[in-house]
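Undergrad: Just passing along the structure, written as structure tokens.
No value in this document is a laboratory result; all are computed from the given coordinates. Computed from a prediction, not measured in an experiment: that's the story for all the values here. Glycine also receives a Cβ, built like all others from the backbone with ideal geometry; neighbour counts cover every protein chain displayed.
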Amino acid sequence: MVDFTRDFTMTIDGAGVPGDATIDVLNPATEGLVAKAPDCTRTQLDDAVAAARAAFPKWRATPLAERRAAVAKIGEVIGANMGAMSRLFTLEQGRPLAMTGPEVGGAAFWAQTVAQQELPVTVNEETPERRSETRHVPLGVVGAIVPWNFPLMIGIWKICGALLTGNTLVIKPSPFTPLTMLKLGEAMREHLPPGVFNVVSGGDDLGPWMTAHPDIDKISFTGSTATGKRVMESAASTLKRVTLELGGNDAAIVLPDVDVETVAEPLFWAAFANSGQVCTAAKRIYVHADIYDELARALVAVAQRVPMGDGMAEGNMLGPIQNRQQFDRVKTLIADARANGERFLTGGEPAEGDGYFIPVTIVDNPPEDSRTVQEEAFGPFVPLLKYADLDEAIARANASDYGLAGSVWSNDMEAAVAVAERLETGTVWINETLYVMPWTPFAGHKQSGIGVEHGIDGLLEFTAPQTITARKPIIAENAEAAPAAETAE
Ligand code: NAD
């Protein structure tokens with residue numbers, strides 16, 4: 001029985017490993033200590049990678065049905081520990097308990113679903129002389145690096161895809177939110193062969209050690225664009241494969257035909273779920289001038305009735321910013337907006353007292369070239385922007401180095417699809433956001449990423465194509481040829 005409240009150890013070669021040193025994990029709602037997590041040394045990382053390397057040949061040769069069962073087991077274990085895992089998650093991440101369920105329950109569902117996915121085999125040629133087919137083989141040891149905003153779910157995306165396709169794995173959660181993943185590692189020890197699934201936690205050196213490690217074959221990374229560039233640079237030295245899911249500054253375009261009262265609530269959550277700490281949150285909301293004032297009032301009304309506070313307290317639906325560094329960054333953006341005379345429709349003042357709380361802040365039509373519009377805040381700080389001409393709104397939405405996702409809001413599906421097709425992003429939602437499923441490929445365009453996660457395209461990223469081309473048996477051909485030669489004599 002795993003105790004989700006204490007004794008946090010890494011999982012290396014199937015065993016629990018404490019750190020020589022530890023890192024403090026703080027509750028962002030109180031700034032109090034939740035627990036101490038191991039600070040992985042270079043030698044311990046080498047041990048984890050060596051264990052993953054040693055386990056790879058056998059895991060790769062394990063029948064697919066057994067690997068499917070192992071991935072499904074991850075879902076089962078999460079499902080069986082939902083309550084304890086959700087509480088630990090809320091303590092370290094800050095998201096209210098009421099909102100944690102979808103991530104923990106969603107992670108269980110995700111594992112169960114990926115367990116059933118199928119890799120394609122392509123027959124390139126089938127003739128009397130030759131058969132050529134391409135199948136997809138595992139890469140070896142995958143290093144997974146995860147951010148703090150969805151520490152369990154983003155980890156699950158990488159774990160399930162890597163293990164199903166026959167790779168072994170070393171995963172590193174963020175130093176701000178390592179605890180839930182450390183406990184998942186512990187809970188899985190009795191269910192997986194040693195070395196197949198390793199969990200390490202540590203400080204700022206650990207990620208760079210992984211990306212440069214000569215015995216890791218692929219890095220699956222989710223985090224900021226700035227870090228993603230460093231990951232790619234470091235991975236180049238050993239030509240590691242990389243999948244990079246990076247930052248975004250997603251635009252929502254609201255057409256004038258929407259029913260404002262109906263749309264306000266889902267639009268609010270599109271921007272402010274997880275207190276805006278979502279890579280695909282609506283971070284710039286473009287609203288047609290005809291409905292701008294009405295929608296502004298409706299969004300402010302939603303903001304005022306959604307309670308924010310300590311996630312462990314009943315009723316709260318929004319929590320704090322996850323860490324001090326990010327809290328300071330959002331405060332800097334608010335201060336910049338204020339200094340430039342931008343007007344707040346609601347919010348604008350960080351809360352007093354303990355915890356990293358910033359009330360929902362909506363900025364009233366700031367200039368397009370302001371930091372408020374151009375930068376990814378990654379907090380509850382969002383500009384509402386007025387447009388009069390749809391082409392102009394699309395051009396403004398596309399004028400970004402990011403290309404992660406976007407959304408269109410309209411009752412006219414044809415018009416909405418026409419706008420969606422013109423957005424330069426990997427995902428476009430219509431009348432919703434954040435719908436990410438194991439079967440929906442997700443790929444950042446421009447500086448929002450390289451590669452794909454989810455769907456069969458996502459699974460393929462954990463593999464390399466292998467083409468086997470067979471000239472059909474030559475002996476039989478010679479046997480036929482021989483009598484012909486005799487006859488000729
Ligand atoms: P971050 O880039 O600071 O850190 C992400 C992870 O990388 C952490 O585990 C961190 O310890 C590690 N890391 C830091 N420096 C490293 C280095 N030099 N080499 C290797 N690893 C290193 O990101 P964050 O602040 O944890 O997360 C927020 C960012 O992540 C936002 O920009 C957000 O948009 C993005 N994000 C993207 C997606 C997506 O799917 N595209 C999903 C969630 C978050």
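Undergrad: Sorted by mean Cβ packing within 10 Å, highest first, what order do the peptides 461-471, 294-304, 249-259 take? List each step's numbers first, then the result.
TA: On the way: 461-471: 14.2, 294-304: 17.7, 249-259: 21.7.
My ranking of the peptides, most packed first, is 249-259, 294-304, 461-471.
Undergrad: Further question: With Cβ to Cβ distances under 9 Å as the rule, what net charge do the other residues near Ile23 carry (K, R +1; D, E -1)? Display every interim value, and only then the final one.
TA: Values: positive: Lys36; negative: Asp24, Asp39.
After counting each charged neighbour, the total is -1.
Undergrad: If you don't mind, there's one more thing I want to ask. Considering only the chain, what is the antiparallel percent among its DSSP beta bridges, to the nearest 5?
TA: Details: 30 of 68 bridges.
About 45 percent, rounded to the nearest 5.
Undergrad: Additional query: Please give the charge dipole size of the chain, origin at the Cα centre, charges +1 on K and R Cβ atoms and -1 on D and E Cβ atoms. Round to the nearest 20 debye. If you can, show how the numbers build up before the last one.
TA: Numbers: 39 positive and 63 negative charges, 252 e Å.
About 1220 debye.
Undergrad: Could you work out how much longer the chain between Glu421 and Glu118 gets when fully extended? Use 0.36 nm per residue separation minus the Cα distance between them, nm to one decimal.
TA: This chain segment gains 106.2 nm when fully extended.
Undergrad: Using a cut-off of 22 Å between alpha-carbon atoms, which lysines can reach Lys183, once sequence neighbours fewer than 8 places away in the same chain are excluded?
TA: Cα-Cα hits under 22 Å: Lys36, Lys73, Lys158, Lys172.
Undergrad: For the range 251-430, what is the convex hull volume of the alpha-carbon atoms per residue, in Å³? Let's see the in-between values first.
TA: Numbers: hull volume 20.0 nm³, N = 180.
Per-residue hull volume (Cα only) is 111 Å³.
Undergrad: Related question: Rounded to two decimals, what is the ratio between the C-alpha radius of gyration of the chain and 2.2 N^0.38 Å? Working shown, then result.
TA: Numbers: Rg = 25.2 Å, N = 489, 2.2 N^0.38 = 23.1 Å.
In units of the globular-protein estimate, the chain measures up at 1.09.
Undergrad: Out of all DSSP beta bridges in the range 251-430, what portion is antiparallel? Express it as a percent rounded to 5.
TA: Numbers: 2 of 23 bridges.
For the range 251-430, the DSSP antiparallel bridge percentage is about 10.
Undergrad: Using the Karplus curve 6.51 cos²θ - 1.76 cosθ + 1.60 with θ = phi - 60°, what ³J(HN,Hα) values do you get for each residue of the range 5-19, in whole Hz, with x for Gly and Pro?
TA: 10, 7, 6, 8, 10, 7, 10, 10, 6, x, 10, x, 10, x, x
Undergrad: Ok, one more. Under a 5 Å amide H to amide H cut-off, with H placed in plane at 1.01 Å, what residues pair with Thr440 once short-range neighbours are removed?
TA: Amide H neighbours of Thr440, under 5 Å, 5+ apart: Gly455.
Undergrad: Would you work out if the range 257-342 is rounded, prolate or oblate? Take a ≥ b ≥ c from the square roots of the eigenvalues of the alpha-carbon gyration tensor; rounded if a/c is under 1.5, else prolate when a/b is larger than b/c, oblate otherwise. Each step should come with its number before you reach the end.
TA: On the way: a/c = 2.08, a/b = 1.27, b/c = 1.64.
Oblate, since a/c reaches 1.5 and b/c is not below a/b.
Undergrad: Which order do peptides 43-51, 400-408, 350-358 fall in by mean Cβ count within 10 Å, highest first? The partial results should precede the final answer.
TA: Working: 43-51: 20.2, 400-408: 24.9, 350-358: 17.0.
Ranked by mean Cβ neighbours within 10 Å, highest first: 400-408, 43-51, 350-358.
Undergrad: Going by average Cβ density within 10 Å per residue, which order do the peptides 268-277, 236-245 take, highest to lowest? Write down the numbers at each step before the final one.
TA: On the way: 268-277: 24.5, 236-245: 18.0.
The most tightly packed comes first, giving 268-277, 236-245.
Undergrad: Using each residue's phi in the range 53-66, evaluate 6.51 cos²θ - 1.76 cosθ + 1.60 at θ = phi - 60° and report the 3J(HN,Hα) Karplus result to the nearest Hz, with x for Gly and Pro.
TA: Per residue, the Karplus-derived 3J(HN,Hα) values read 5, 5, 7, 4, x, 6, 5, 4, 7, 5, x, 3, 4, 6 Hz.
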